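Visitor: Below are the structure tokens for one structure; questions will follow.
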Amino acid sequence: MTITATALPQLPFDRSLAYINGRWVGGSTGQTRDVENPAVGAVIAAVCESSAGDVDAAVQAAHVAFHEGPWVNEYSGAQRRDALLALATEIEQHRKELELIESINTGKPIVDVRVELDDTVDLFRHFAGYADKVEGRHIAAQTNARLEGYTVKVPVGVVGFINAFNYPLCLLAWKVAPALAAGCTVVFKPGPQTPLTTQYFAHLLHETEKFPKGVFNVVLGGADVGQALVDHDLIDKIGFTGSVATGKHVIRSTASTASVRATSVELGGKSPGVVMPDVDLDRAAQLVVSGCMSNAGMNCNALTRLWVHRSVYDAFVPRLKAAAEALVMGTPQDERTQMGPLIDRRQYERVLEYIRIGREEDRAHVLTGGQPLEQGIPGYWVQPTIFSNVAPTARIATEEIFGPVLSVLEPFDSLEEVIRAERKSEFGLAAGIFTRSHSDIARFTRGMRCGTIWVNNYNALYSYLPFGGFRNSGFGRELGYESFDGYLATKAIIDDVSF
Amino acid sequence: MNKSSALNIPSDVSEIKVQNFINGQWCPPTTNKYMSSWNPATGQKSYAIPDSSSADVDNAVRAAKSAFPVWSSTLPEERAAILNRIADLIDQYGDKLAVIESQDQGKTVFSARTADMPLCSGYFRQFARCAVEGFEETKSQMNAPCTPVAVTQVENSVLQSTTQHVPSGVAALITPWNFPMLMVCEKLAPCIAVGNTCVVKPTEITSATPYLLTLILQAAGLPNGVANFVFGTGVNAGEPLVKHKDVRLVSFTGGCVTGAKIGSMAGGLLKRVSLELGGKNPSVVFNDCNLEHAVATHIRAAFQNQGEICLCASRQYVQRDIYDKFVKMFREMTTKEVRVGNPGDSKTYYGPMVSQQHMEKVLTYIRLAQQEGAKVEFLVNPSDPAVKNVANDGRLTISGMEGGYYIAPTLITGIKQNSRVMQEEIFGPVVCILPFDTEEDAVMLANDTQYGLGSSVFTQDKARLDRVTKQLNSGSVWGNSWMNWDDNMPFGGLGCSGTSREHGPWSLEFYTETKAIYSLVSR
């Protein structure tokens, strides 16, 4: 197997810089960070590392833009709508460059990135449609004819975003589109491994000339930079996607500054799938494998633990093995490639460690995979891996691995036992059920405590349906009207109209 | 995707060749009969329009009906892309469209460019993504928006209740001449955004920009048959359209008499109908208002768009102790600033009446007021070089445009509340200003009308503002303002002003049918 390195295209801006207050600026300390192509483990760029001072400059810019600039104080909702529409068009017109850069920087198969670009453009157009439709309610006084009450919705203020590395551009759109549509201003920190498409996005936003300076800012770096953002007093809300541990730390931090701030956190998951006896097993096997292995398993809502009904267990498991072994790996920019590498060495070693735990501690059977892709090839490649007959309490079945590893649990007999077991999970992000029975669907969708339930499909997401977690999967919703509402604050006005 | 070929929008309305637009093709009327249209600024014939008949209407409705299954199940985001392209093209050609609009309707080029055209593209953008609470997009079988409402227990089962808003079918959109292109866009945008197809029948008096809109729709990639345009008269083309068995709903903006006829025809055939009709809109001005702001607003409310706006405040009631001062200021400011003349001239405030017939109608009311002994003043600056003559009834002769249908800004005082001049819609630059004493008087006088479209109240007293805005009987009420909009607010009238509400979510409601879907699932 040969994995070839594709060169980054020419970029119309200096990719080593961050974007603060409408200008491209270097980090004030002069430090830089290397950015890799994980398919071959080679450095492709060096970007500046923002300092606490740079973060402060960005937050100040966003603060001034919000409280004094025209974005909220003069622009109508329709003007914000039109700015976002213009931005969507810019993204659409430059999608080929964005697709290539994202694929090279993350190792995602190019065919998958194209769908992500479709989604990114759609997200900006969808949330633009909310910008001119913000409404409150007027409630006529019920008992007191003199007092009247009404609500007014206003943008929450300056929002700081800390993004994960797994869907750099797409998750940027999830966060930034509704925040800007609501009238907020933004300081955005991409995952340290994946800054490039975020910078390109800032460039395109700048090119529209419809966003006043300071409305959108980018800072670059790792945990320190994220901490500086979270600790900044002038941030009104933090949006975070990442691990449970860091998420809890972020939540604690938002309470320890001079004023408490709102947060929305999208954390991990250990999302279950359930295969009932009455389904087309071939189709279900395909959906389960893509539900798990999509994005090389680096997907917070990946289907990573599978319940299979006892009556179809022996027929189903071989189909899973075949579907996983049919996955094509190769140079991500090749149209035939279906699964890419892990994002970096750290993730690669973590996944291999969990595979070892599965074998040696959980004593689970390796149905397929379980090894790096090929000894000696560069890049961070791991075979799609399936363990079978796993105990539901095993470490590989309960801890989030964030790689292409599926645990098929011991066979089950009743849906009730599945629902009971899953309600005890520390996570609650998503679940999938494969069945033709309406009553199974009714019981499962009512009984499960998680943010998204897929019925006879998996991973389908839409700009208008909310997404988010229960328990350690986080709180707050992204996508849908609920996410837009999360960037608004409600004021109630009570007026003695007879005075 | 940018179209490389430019649209053929002419620079002068006389170059326009209006054709019907059916199923994506421009075609002559089946009878090959045409009617003339006139340039109201000069009184000259300008272009010809099809004198369409029921055969043309049949063709158009057939095209709309065939296009419906595919258009109604097209993904909302695909429909939105087309609507956004339409908006972009309207903006791109806005300057040229404004010139044509002015030459066809009489309004100033300035107002067409700065008011009409941006509102047109704005409607397409607003409705492109109908992300309004209650209309969340869900991919159902017909791509119709669904709202899950409830999941309740029924014995040993679960009842899932969902509302579904489905497009209605073929709509008839019948539009007036005061804002020719804007009125079409206001209806067309929400109608097709939710998945309906339609036949548009603009008034025969102003067909130019509606026709040019068909070029834009085609260039934007609107599929054949989604929007069809039939040009002609109300009797020959409008009536067969309203009565056509395949037309499911009718949206009409225009005069009350025609509106009542359409309402009766459509209602009798069990079609859904929206009627936006006229008004005889009052304004009440209290003695504690900001006088200069009030006078300036009332001048605009009287004379904007030649007074040819359904919302014009043609009955202005001013509290007695500031009455003389108000009228004096009104007279002086109007004479100084409201110049009537060539609509292409940037200094012109308003242009001619839309047609000879309409001008005659307005002059009739002026003469009636004179006959009744009211004081009738024509507020024309005697040193305005453009005005060659002011006739006894207020008709103006404008230099270089002697054939045009111009009327002077006309101020009437000392007229009786029950005069026809005070009770019937004139729809021209004619305003009556009367005094009142108490708040109760003001509300009574304002509400003494068969109409109820708009009204205004001017006062700095907060409690009075609240009381009076709640007591004025009209669909829109303005406090210390006139005709300021929010696109999400409902618009429509009470009484003879109409029967429906449109704009924002109300348009989405009108253009869709709501279904309730229940599903009982055993536990």
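Visitor: If you go through region B:238-259 one residue at a time, do you hit one that is at pLDDT 95 or above, hydroxyl-bearing (S, T, Y) and under 29 Å from B:Q92 (Cα atoms)?
Guide: Looking through region B:238-259, at least one residue is at pLDDT 95 or above, hydroxyl-bearing (S, T, Y) and under 29 Å from B:Q92 (Cα atoms).
Visitor: What residue, among those in region B:469-487 that are surrounded by fewer than 21 Cβ atoms within 10 Å (Cβ to Cβ) and in contact (Cβ under 8 Å) with a residue 60 or more places away in the chain, is farthest from B:G263 (Cα to Cα)?
Guide: Of everything passing the filter in region B:469-487, B:N480 is farthest from B:G263 (Cα to Cα).
Visitor: I'm trying to understand the selection: among the residues of region B:69-85, which are closer than 15 Å to A:D118 by Cβ and assigned to a helix (DSSP H, G or I)?
Guide: B:P76, B:E77, B:E78, B:A80, B:A81, listed by residue number.
Visitor: Moving on to the next point. Could you check region B:221-252 and list, in sequence order, the residues that are under 21 Å from B:P167 (Cβ atoms) and polar (S, T, N, Q)?
Guide: Within region B:221-252, B:N224, B:N228, B:S251 qualify.
Visitor: Still on this model: Within the group A:T241, A:T254, A:T246, which residue is over 24 Å from A:R15 (Cβ atoms), crowded, with 17+ Cβ neighbours inside 10 Å and within 18 Å of the chain's Cα centre (by Cα)?
Guide: A:T246
Visitor: Select from region A:438-466 the residues that are hydrophobic (A, V, I, L, M, F, W, C) and surrounded by 21 or more Cβ atoms within 10 Å (Cβ to Cβ) and list them in ascending order.
Guide: A:F444, A:M448, A:C450
Visitor: Here's a check for you: in region A:124-183, which residue that is of a type in the set (K, R) and surrounded by fewer than 24 Cβ atoms within 10 Å (Cβ to Cβ) is farthest from the chain's Cα centre (by Cα)?
Guide: Filtering first and then ranking leaves A:R146.
Visitor: OK, next. Restricting to region A:346-368, name every residue that is touching a strand residue (DSSP E or B) at 6+ places or on another chain (Cβ under 9 Å) and not in a loop (DSSP other than H, G, I, E, B).
Guide: Once the filter is applied, which keeps residues that are touching a strand residue (DSSP E or B) at 6+ places or on another chain (Cβ under 9 Å) and not in a loop (DSSP other than H, G, I, E, B), region A:346-368 yields A:Y348, A:V351, A:L352, A:Y354, A:I355, A:G358, A:R359, A:H365, A:V366, A:L367, A:T368.
Visitor: So A:S264 passes all but one of these: (1) farther than 30 Å from A:G379 by Cα; (2) over 17 Å from the mean Cα position of the chain (by Cα); (3) in contact (Cβ under 8 Å) with a residue 40 or more places away in the chain; (4) not in a helix (DSSP H, G or I). Which condition number does it fail?
Guide: So the condition that A:S264 fails would be (2).
Visitor: Given the options A:A164, A:A181, A:A177, name the one that is in contact (Cβ under 8 Å) with a residue 40 or more places away in the chain and in contact with a Lys or Arg (Cβ under 8 Å, 6 or more places away or on another chain).
Guide: Answer to the selection: A:A181.
Visitor: Check every one of the strands (runs of 3 or more DSSP E) wholly within region A:385-499 and list those with 2 or more residues that are within 14 Å of chain B (Cβ to nearest Cβ), over 14 Å from A:C300 (Cα atoms) and in contact (Cβ under 8 Å) with a residue 40 or more places away in the chain.
Guide: A:488-496
Visitor: Another question, then. Looking only at helices (runs of 4 or more DSSP H) that lie completely in region B:208-316, which have at least 3 residues being closer than 30 Å to B:D461 by Cα and under 17 Å from the mean Cα position of the chain (by Cα)?
Guide: Passing ranges, in order: B:291-303.
Visitor: Scan region A:80-105 for residues that are among the polar types (S, T, N, Q) and closer than 28 Å to A:H232 by Cβ and jot them down.
Guide: Result: A:N105, single match.
Visitor: In addition: List the residue pairs whose Cβ atoms are under 7 Å apart, where the first residue sits in region A:1-23 and is within 12 Å of A:H203 (Cα to Cα), the second is part of a loop (DSSP other than H, G, I, E, B) and among the hydrophobic types (A, V, I, L, M, F, W, C), and the two are 6 or more positions apart or on different chains.
Guide: A:A18/A:V219; A:A18/A:L220
Let's see how each residue does on (1) among the polar types (S, T, N, Q); (2) in contact with a Cys (Cβ under 9 Å, 6 or more places away or on another chain); (3) over 19 Å from B:Q304 (Cβ atoms); (4) buried (at least 21 other Cβ atoms within 10 Å of the Cβ):
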position	(1), (2), (3), (4)
B:R320	no, no, yes, no
B:F330	no, no, no, yes
B:K388	no, no, yes, no
B:L396	no, no, no, yes
B:S419	yes, yes, yes, no
B:M422	no, yes, yes, yes
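Visitor: Of the numbered conditions (1) among the charged types (D, E, K, R); (2) without any contact (Cβ under 8 Å) to a residue 60 or more places away in the chain; (3) within 25 Å of A:D112 (Cβ to Cβ), A:E360 satisfies every one except a single condition; which is it?
Guide: In the conditions (1) among the charged types (D, E, K, R); (2) without any contact (Cβ under 8 Å) to a residue 60 or more places away in the chain; (3) within 25 Å of A:D112 (Cβ to Cβ), A:E360 misses (3) alone.
For (1) within 13 Å of chain A (Cβ to nearest Cβ); (2) out of contact with any Ser or Thr (no Cβ under 7 Å at 6 or more places or on another chain), each residue gets a yes or a no:
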{"residue": "B:K416", "(1), (2)": "no, yes"}
{"residue": "B:Q423", "(1), (2)": "no, no"}
{"residue": "B:D486", "(1), (2)": "yes, yes"}
{"residue": "B:Y511", "(1), (2)": "no, no"}
{"residue": "B:L520", "(1), (2)": "yes, no"}
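Visitor: Among the residues of region B:95-123 satisfying the criterion of being of a type in the set (V, I, T), in a helix (DSSP H, G or I) and touching a residue at least 24 places away in the same chain (Cβ under 8 Å), which is nearest to B:S37 (Cα to Cα)?
Guide: Here the residue is B:I100.
Visitor: Could you list, in sequence order, all residues of region B:68-82 that are surrounded by fewer than 23 Cβ atoms within 10 Å (Cβ to Cβ) and either within 14 Å of another protein chain (Cβ to nearest Cβ) or aliphatic (A, V, I, L, M) (or both)?
Guide: Passing the criteria: B:V70, B:L75, B:E77, B:E78, B:A81, B:I82.
Visitor: Would it be correct to say that B:A302 is aliphatic (A, V, I, L, M) and not assigned by TED's automatic domain parsing to the domain that holds B:V457?
Guide: Answer is no for this residue.
Visitor: Can you confirm whether region A:218-232 contains a residue that is among the polar types (S, T, N, Q), over 18 Å from A:D56 (Cβ atoms), surrounded by fewer than 21 Cβ atoms within 10 Å (Cβ to Cβ) and assigned by TED's automatic domain parsing to the domain that holds A:F124?
Guide: No, there is no match, as no residue in region A:218-232 is among the polar types (S, T, N, Q), over 18 Å from A:D56 (Cβ atoms), surrounded by fewer than 21 Cβ atoms within 10 Å (Cβ to Cβ) and assigned by TED's automatic domain parsing to the domain that holds A:F124.
Visitor: For residues in region B:115-144 being more than 16 Å from the chain's Cα centre (by Cα) and more than 14 Å from every other protein chain (Cβ to nearest Cβ), which is modelled with the highest pLDDT? Don't jump to the end; show me each part of the working.
Guide: Of the residues in region B:115-144, the ones more than 16 Å from the chain's Cα centre (by Cα) are B:125-144.
Now drop any that are not more than 14 Å from every other protein chain (Cβ to nearest Cβ), which leaves B:141-142.
Numbers: B:Q141: 27, B:M142: 30.
Going through the qualifying residues, I end up with B:M142.
Visitor: Out of A:A61, A:A45, A:A39, I need the residue that is crowded, with 18+ Cβ neighbours inside 10 Å and either within 22 Å of A:F211 (Cβ to Cβ) or charged (D, E, K, R) (or both). Which one?
Guide: Numbers: A:A45 fails: either within 22 Å of A:F211 (Cβ to Cβ) or charged (D, E, K, R) (or both); A:A39 fails: either within 22 Å of A:F211 (Cβ to Cβ) or charged (D, E, K, R) (or both).
Matching residue, one of A:A61, A:A45, A:A39: A:A61.
Visitor: Then there's this: Find all pairs meeting these conditions: Cβ atoms under 9 angstrom apart; at least six residues apart or on different chains; first residue within region B:448-467 and part of a helix (DSSP H, G or I); second residue buried (at least 19 other Cβ atoms within 10 Å of the Cβ) and polar (S, T, N, Q).
Guide: B:L465/B:T459
Visitor: Still on this structure, please answer the following. Could you please tell me which pairs satisfy a Cβ distance under 7 Å, a separation of 6+ or placement on different chains, a first residue in region B:7-23 that is closer than 22 Å to B:V170 by Cβ, and a second residue that is among the aliphatic types (A, V, I, L, M)?
Guide: B:N20/B:V230; B:I22/B:A60; B:I22/B:A63; B:N23/B:A63
Visitor: Suppose we keep only residues that are of a type outside the set (A, V, I, L, M, F, W, C) and closer than 22 Å to A:R15 by Cβ within region A:99-113. Which one would you say is surrounded by the fewest Cβ atoms within 10 Å (Cβ to Cβ)?
Guide: Selected residue: A:E99.
Visitor: While we're on this one: If only one of A:L327, A:L342, A:L320, A:L281 is farther than 25 Å from A:T393 by Cα and over 24 Å from the mean Cα position of the chain (by Cα), which one is it? Break it down into steps so the answer makes sense when it comes.
Guide: On the way: A:L327 fails: over 24 Å from the mean Cα position of the chain (by Cα); A:L342 fails: over 24 Å from the mean Cα position of the chain (by Cα); A:L320 fails: farther than 25 Å from A:T393 by Cα.
Going through A:L327, A:L342, A:L320, A:L281 in turn, just one is farther than 25 Å from A:T393 by Cα and over 24 Å from the mean Cα position of the chain (by Cα): A:L281.
Visitor: Here are the criteria: (1) within 12 Å of chain A (Cβ to nearest Cβ); (2) in a helix (DSSP H, G or I). Tell me which single one B:W506 does not satisfy.
Guide: All conditions are met except number (1).
The values are calculated or read from the model by the stated rules, or taken from the named source; none is laboratory data. Here the structure is a predicted model, which means the values were calculated and not measured. Glycine also receives a Cβ, built like all others from the backbone with ideal geometry; neighbour counts cover every protein chain displayed.
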